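*Asks:* Below: one structure in structure tokens.
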Amino acid sequence: MSTMRIFTFLFSAKQVPAVYWSSKQPLTLRPKPLTLLFLIFGLLLFGLGESILIASGAGVSPWTVLAQGVSIYTNWSIGFSTFILSACVLLIWIPLKQKPGIGTILNALIIALAIELSLPYLPHPQTYFFQTLQVITGVMIVGIGSGFYLIANLGAGPRDGLMVGLQKISNYPISQVRTAIEISVVVIGWLMGGVVGLGTIIFALGVGPSVTLGFYLVNKFSTPLKKPN
């Protein structure tokens, strides 16, 4: 695929690709071992990307900004505010007809574990240049991780499920839907008193194209391994 076609794909893809190791049903409790392996690998990458963003010191993710805002208004902790927001997003899944799966549960567990284990070993840059470079790296890794775990089709996390559900009813490209969600969350969180940093803005604008890049890369490198018809 040419550079121009890749660029077009990043801003026009409208669905999560399916490859030979994707699960046919997100609700299965007995996924193929390879599917489960790629799901876990993708979630570990996702958590590592989030951890890299945190360690950069350039700002938190948009949803954390919203959690900060909710915390200010309710006096809840940021952790509890994050939990409540996730629960609310899951409720929005109902009219969007999104289906949870084991990936929905593993999403919270594995990403948290990956952040906990990796954060102490990551660099904490002091200059804007290296902070920005680290943020971009983190966003790219989040996107690639999203590619693996969403293509596994074993259930998305609350926010990714919201992205997929809104894409289906709007028919807008995934990158545009994700960017619109992140910008909306940032604005609401900021208006409520959450702190927005450089990393927050880069994440909000870059995570949509990064996720579709993850789809492209995972799909491309899985294609030669697809089973013949």
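*Asks:* Determine the distance separating the Cα centre of segment 10-46 from the Cα centre of segment 78-151; give it in Å without decimals.
*Replies:* That distance is 16 Å.
*Asks:* Quickly estimate the mean residue ellipticity at 222 nm for the chain, helices only: each DSSP H run with n ≥ 4 gives -39500 (n - 2.57), and the total goes over all residues, rounded to 500. It would help to have the intermediate numbers written out before the result.
*Replies:* Details: 9 runs with 161 residues, N = 229.
Using -39500 (n - 2.57) per qualifying helix, the result is -24000 deg cm²/dmol.
*Asks:* Run the numbers on segment 50-160 and let me know its relative contact order in percent, using alpha-carbon pairs under 8 Å that are six or more apart.
*Replies:* On the way: 93 pairs, mean separation 51.2, N = 111.
Computed over segment 50-160, the figure is 46 percent.
*Asks:* Counting only heavy atoms of the protein chains, get the accessible area per residue of the chain (1.4 Å probe) and round it to a whole Å² value. Could you put the intermediate results ahead of the total?
*Replies:* Numbers: 12000 Å² over 229 residues.
Using a 1.4 Å probe on heavy atoms only, each residue of the chain averages 52 Å².
*Asks:* Using the C-alpha atoms of segment 33-118, what convex hull volume per residue, in cubic angstrom, is computed? It would help to have the intermediate numbers written out before the result.
*Replies:* Working: hull volume 9.1 nm³, N = 86.
Given the Cα convex hull of segment 33-118, per-residue volume reads 106 Å³.
*Asks:* Segment 78-229: percent of C-alpha pairs farther apart than 21 Å?
*Replies:* Working: 5970 of 11476 pairs.
Tail fraction, whole percent: 52.
*Asks:* Do you know the relative contact order of segment 50-91, to the nearest whole percent, from alpha carbon pairs under 8 angstrom that are 6+ apart? Could you put the intermediate results ahead of the total?
*Replies:* Numbers: 20 pairs, mean separation 10.9, N = 42.
Relative contact order, segment 50-91: 26 percent.
*Asks:* Taking 0.36 nm per residue of sequence separation and subtracting the Cα-Cα distance, how much length would be gained by fully extending the chain between Leu27 and Phe221, in nm to one decimal? Don't skip to the end; give the middle numbers.
*Replies:* On the way: separation 194, 0.36 × 194 = 69.84 nm, distance 2.57 nm.
The span from Leu27 to Phe221 would gain 67.3 nm if fully extended.
*Asks:* Can you list the aspartates and glutamates whose alpha carbon is less than 17 Å from that of Lys168, not counting same-chain residues fewer than 8 positions off?
*Replies:* Asp160
*Asks:* Moving on. Taking 0.36 nm per intervening residue step and subtracting the Cα-Cα distance, what contour gain separates Ile94 from Phe80 on full extension? Don't skip to the answer; put the middle values down first.
*Replies:* Values: separation 14, 0.36 × 14 = 5.04 nm, distance 2.23 nm.
Between Ile94 and Phe80, full extension yields an extra 2.8 nm.
*Asks:* Something else: Given a 1.4 angstrom probe, I'd like the percentage of the accessible area of the chain that is carbon and sulfur, rounded to a whole number. Before the final figure, lay out the partial values.
*Replies:* Numbers: 8530 of 12000 Å².
Carbon plus sulfur share of accessible area: 71 percent.
The values are calculated or read from the model by the stated rules, or taken from the named source; none is laboratory data. From a predicted model like this one, the values you see are computed outputs, not experimental measurements. Accessible surface is based on the protein model in full, side chains and every heavy atom, while ligands, DNA and RNA are left aside. Shrake-Rupley method; radii C 1.70, N 1.55, O 1.52, S 1.80 Å.
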